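Asks: Before I ask anything, here is the structure I am working with.
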Amino acid sequence: MGVVFLAQQEHPTRLVALKVILTGALSPRTLRRFEHEGEMLARLQHPGIAQIYQAGTYETEQGVLPYFAMEYVEGERLDHYAHQHALPLRARLELAAKIADAVEHAHQKGVIHRDLKPGNILVTSEGQPKILDFGVGRLEDDESRTTTLRTDMGALLGTLPYMSPEQAGGNPQAVDARADVYSLGVVFYELLTGK
């Protein structure tokens, strides 16, 4: 759907991750999903979730395109970090607890990630995990459900090896916060066993 660039924000001066839609992927549905991701990220303020700083649009030859300026997370994928640093079991469990806290925060704010996997969790050099990419996420609360982008029946969004059976079944109405808990189980199994 999009591409992420490392950019320099002018005011305040800082490095940011700049997420933009690829012009080849531009469609009304993609624009709605992109805007939806921005709305979800704005709800989330947690040290374990990459923060959104600014959302806006810019003019191109193809028309006006949206962007997000987000917290730049310099880190390694969760699985690579654990392997590269030969983390002992206790350190892996501490990472798992921090990640679970961040996911719980999202769920308390009515946000279901729907694509939790090691590649969407970076760990900084200080050992702080950060959950990224809420692009296929969904709002759970009833008030927002009417304005939330619906997933078509049978359409799979997410990464199959990490999906709950309900999510893999293609019925968006069967997916709730428990789908993220299932995905965390798979992620944590890999984190703790290395398999």
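The values are calculated or read from the model by the stated rules, or taken from the named source; none is laboratory data. The model shown is predicted, which means the values in this text are computed figures rather than measured ones. Note that we place each Cβ from the backbone using ideal geometry, even for glycine, and neighbour counts take in every protein chain shown. Areas reflect the complete protein model, heavy atoms only, side chains present, ligands, DNA and RNA absent. Shrake-Rupley method; radii C 1.70, N 1.55, O 1.52, S 1.80 Å.
Asks: Considering the range 14-48 alone, what residues qualify as being open to solvent by less than 80 Å² (accessible area, probe 1.4 Å) and touching a Phe, Trp or Tyr at 6+ places or on another chain (Cβ under 7 Å)?
Replies: V16, A17, L18, K19, V20, I21, E37, G38, M40, L41
So that you can scan it fast, the table gives a plain yes or no per residue for (1) modelled with pLDDT of 85 or more; (2) outside any strand (DSSP E or B); (3) more than 23 Å from I131 (Cβ to Cβ):
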{"residue": "Q8", "(1), (2), (3)": "yes, no, yes"}
{"residue": "P12", "(1), (2), (3)": "yes, yes, yes"}
{"residue": "L18", "(1), (2), (3)": "yes, no, no"}
{"residue": "L41", "(1), (2), (3)": "yes, yes, no"}
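Asks: Okay, moving on. How many residues are over 13 Å from the mean Cα position of the chain (by Cα) and either open to solvent by less than 20 Å² (accessible area, probe 1.4 Å) or small (G, A, S) (or both) when one looks only at the range 49-58?
Replies: 2
Asks: Go through the range 59-104 residue by residue and tally those that are assigned to a strand (DSSP E or B), more than 27 Å from L184 (Cα to Cα), open to solvent by 30 Å² or more (accessible area, probe 1.4 Å) and touching a residue at least 24 places away in the same chain (Cβ under 8 Å).
Replies: Final tally of qualifying residues: 2.
Asks: Also, I was wondering about something else. So in the range 121-152, with the set limited to residues that are hydroxyl-bearing (S, T, Y) and modelled with pLDDT of 90 or more, which one is least open to solvent (accessible area, probe 1.4 Å)?
Replies: Looking at residues that are hydroxyl-bearing (S, T, Y) and modelled with pLDDT of 90 or more, I get T124.
Asks: H11 passes all but one of (1) loosely packed, with under 12 Cβ neighbours inside 10 Å; (2) in contact with a Pro (Cβ under 7 Å, 6 or more places away or on another chain); which number fails?
Replies: (2)
Asks: Same structure, new question: Working only within the range 105-120, note down all residues that are crowded, with 18+ Cβ neighbours inside 10 Å and of a type outside the set (A, V, I, L, M).
Replies: Matches in the range 105-120: H105, G110, H113, R114, D115, K117, P118, N120.
Asks: For the range 1-33, what are the residues that are under 13 Å from V136 (Cα atoms) and free of Cβ contacts under 8 Å to residues at least 60 places away in the same chain?
Replies: Passing the criteria: T30, L31.
Asks: State whether one or more residues within the range 46-54 are farther than 25 Å from V187 by Cβ and either hydrophobic (A, V, I, L, M, F, W, C) or at pLDDT 85 or above (or both).
Replies: Yes: one or more hits.
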